[in-house]
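Below: the structure, in structure tokens.
What follows draws every value from the coordinates through simple rules; no lab data is involved. Fair warning: this is a prediction, and the values are worked out from it, not measured in the lab. Backbone-built Cβ (ideal geometry, glycine too); neighbour counts: all protein chains shown.
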Amino acid sequence: MIISLLFSEPILFFAIFIALIISISFHEFFHVFTARLLGDRTGEYAGRLTLNPLVHLDPFGTIAILLIGFGWGKPAPFNPYNLKNQRYGPALVALGGPTSNLILIIIFGIILKILYPFFGPESYLTIFLQVLVTFNGVLMVFNLIPIPPLDGSHILEGVLGSRFSRFTNFLNAYGPRILFIAIFASLILNIPIFGYIIYPIVNFISGILGIPLLF
């Protein structure tokens, strides 16, 4: 668990904690920003159109990430009926979160690629940048899994449309339970169920960028 690093590897712990704050805040901000671009100001009126982490981080969700490796931020509020594109608008708002993580991967990945030869693998800056890229890769891929309430489920619903409403209704009804059971089983059985999905993709991204990741 991440919290165990506090005493064994405190530098790594604080690097992960800061990366967590940056990544989740940017992720939720981008949901609100995307909704604003599409015509909905619900999140803006709620004070969420900001990068201030205090309005985006959920205390319990943050603690959960540190304790068990899974957690959440405060859901970004938006009204789908205010969106200019009623058909694909909600899916685009959902896609905004993972897109923000991809943007951070590219930005910090380029910085890491430039600085790595000068600072080497042992410097605090290198470790921090590696953590940022890795954490954003994990957050992006995990949220694209099409199980409610993850962003991927809303993207899938937008792509499938009303023709597959029975299937999407089933997902919306049972998806959270399926996700909870999968997370619970992963923790109890010590099997990285989501890791089998996430890390091959994250490593693929690492290969494209040509940068080493930390985990």
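Odds and ends about this structure:
- Among LEU83, LEU189, LEU67, the largest mean-square fluctuation in a Gaussian network model of the chain, built with springs joining Cα atoms closer than 10 Å, belongs to LEU189.
- Among complete DSSP H helices in the chain, those whose alpha-carbon atoms stretch at least 24 Å along the helix's long axis and whose mean Kyte-Doolittle hydropathy reaches -0.5 are 10-37, 89-119, 124-143, 165-189.
- Cα shape, region 146-215, gyration tensor, a/c 1.5 rule: oblate
- For the pair ILE18 and ARG163, a Förster radius of 41 Å applied to the C-beta separation gives a FRET efficiency near 0.40, rounded to the nearest 0.05.
- Gyration tensor (alpha-carbon) shape descriptor, the chain, a/c threshold 1.5: prolate
- Relative contact order (%) - criterion: Cα under 8 Å, at least six apart; region: the chain: 20
- Residue with peak Gaussian network fluctuation, the chain [Cα springs, cutoff 10 Å], from ILE16, ILE106, ILE188: ILE188
- Local net charge near LEU38, Cβ-Cβ under 14 Å (Lys/Arg +1, Asp/Glu -1): +2
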